[in-house]
Amino acid sequence: MGAVVANAPRRVLLAAPRGYCAGVDRAVVTVERALERYGPPVYVRKEIVHNKHVVEQLSARGAIFVDEETEVPEGELVVFSAHGVAPSVHANAEKRRLRTIDATCPLVTKVHVEARKFAAQGYTIVLIGHEGHEEVEGTTGEAPANIVLVQTEADVAELEVADPDRVAFITQTTLSVDETTAIIEALKRKFPNITGPKTDDICYATTNRQLAVKQLARECDLVLVIGSTNSSNSNRLVEVAREHGAASHLIDNSQQVEESWLDAVETVGITSGASAPEELVSELVEFFRDRGASDVSELRTVDEDVRFMLPSEIRPARAPSA
Ligand code: SF4
């Protein structure tokens, strides 16, 4: 055990579930396998997942991250990120004769399918999400003429559509569950015949991590969320922790913990966004152990066992049957 220092929480409580979701795991493994199978360089359009640490590690192994498919040299191999891409990106890639592997999370693909279905039926589609987020750009690209973006309840109040009886809604997968519920209720009041998914399109990982951090926040003075600033689901975890009574900060790693945050903190909670690797959590736990934290435990709220198949291009070949 390390020396006890000032501003040292005695207790560390870890949220469970936390960290990697099935879609992020699949996307990262996709790039790793592509590097092993085809050798570097493997181009990746956008950050494969929104985490600085993961992007740096893959870059060191030969992945080259680009903003647009048009930056990839003709004929090369490119992986599309977990957040999904618009059909125009596939078309551009084809024009440039790029070899592509699509690591879009299947739960994002599901939302793209909904968008196409509602557009084909002539609906105005209200997409609840954050302007400028890659997932929102990709989904909007499925039916740009039909989709309107709504970010708040105030946006709903101002919304005007061609036919109020032909409106559908879909959502980004990584939103705040509570805020989205309020926006959907406002939409239902304004357009009583609105159609959409049964509840929303927020994925299981986002929902479970928010549920876990709610419970964690009730037992902690401070909740630290490991995740990068461009990670939507990580930012939502900070908001949810604050709403449920704890101070909370988003950090990339243990080096970003500020002394002033630890003043009078007895119990510190730790969670991590769906794109943050567990090794960063372990480092943060060690940071607190070194300062004298002696009680480290996990607060489990939900069990997860979701796994997705890898894209066919890098799936291991099946052994021939005897
Ligand atoms: S956060 Fe949800 S939608 Fe995004 S990659 Fe993970 S499982 Fe898929």
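The values are calculated or read from the model by the stated rules, or taken from the named source; none is laboratory data. All values reported here derive from a predicted model rather than from experimental measurement. Note: ideal-geometry Cβ built from the backbone for every residue, glycine included; neighbour counts use all protein chains shown.
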Item to check | Unique residue being modelled with pLDDT of 95 or more, assigned to a loop (DSSP other than H, G, I, E, B) and within 21 Å of residue 48 (Cα to Cα) when the list is 306, 281 | outcome: 306
Checklist entry - Within the bounds of segment 33-45, is there any residue that is in contact (Cβ under 8 Å) with a residue 40 or more places away in the chain, surrounded by 14 or more Cβ atoms within 10 Å (Cβ to Cβ), assigned to a loop (DSSP other than H, G, I, E, B) and within 16 Å of the ligand (Cβ to nearest atom)? => result no
Checklist outcome for this item: With criteria (1) modelled with pLDDT of 95 or more; (2) closer than 22 Å to residue 232 by Cα; (3) not in a helix (DSSP H, G or I), residue 50 comes up short on (1)
Next on the checklist: Here is a list: 24, 55. Which entry is within 16 Å of the ligand (Cβ to nearest atom), in contact with an Asp or Glu (Cβ under 8 Å, 6 or more places away or on another chain) and within 30 Å of residue 222 (Cβ to Cβ)?
Outcome noted: 55
Checklist entry - Do any residues in segment 213-232 that are under 11 Å from residue 251 (Cβ atoms) have Cβ atoms under 7 Å from those of residues that are among the charged types (D, E, K, R) and assigned to a loop (DSSP other than H, G, I, E, B), where the two are at least six apart or on different chains, and which pairs are they? => result 228/252
Checklist entry - Mind checking whether some residue in segment 277-291 is out of contact with any strand residue (DSSP E or B) (no Cβ under 8 Å at 6 or more places or on another chain) and within 16 Å of the ligand (Cβ to nearest atom)? => result yes
Checklist entry - Taking segment 58-78 as the region of interest, how many residues are more than 21 Å from residue 229 (Cα to Cα) and either among the hydroxyl-bearing types (Ser, Thr, Tyr) or within 14 Å of the ligand (Cβ to nearest atom) (or both)? => result 1
Item to check | segment 138-159, subset assigned to a loop (DSSP other than H, G, I, E, B) and over 30 Å from residue 19 (Cα atoms), residue nearest to the ligand (Cβ to nearest atom) | outcome: 143
Checklist entry - Checking residue 124 against (1) within 16 Å of the ligand (Cβ to nearest atom); (2) of a type in the set (Ser, Thr, Tyr); (3) farther than 24 Å from residue 43 by Cβ, which single condition isn't satisfied? => result (1)
Checklist outcome for this item: All-but-one check, residue 274 against (1) surrounded by fewer than 24 Cβ atoms within 10 Å (Cβ to Cβ); (2) among the small types (Gly, Ala, Ser); (3) not in a strand (DSSP E or B), failing number (1)
Item to check | Residues located in segment 8-21, provided they are at pLDDT 95 or above and more than 14 Å from the ligand (Cβ to nearest atom) | outcome: 9, 10, 11, 12, 13, 14, 15, 16
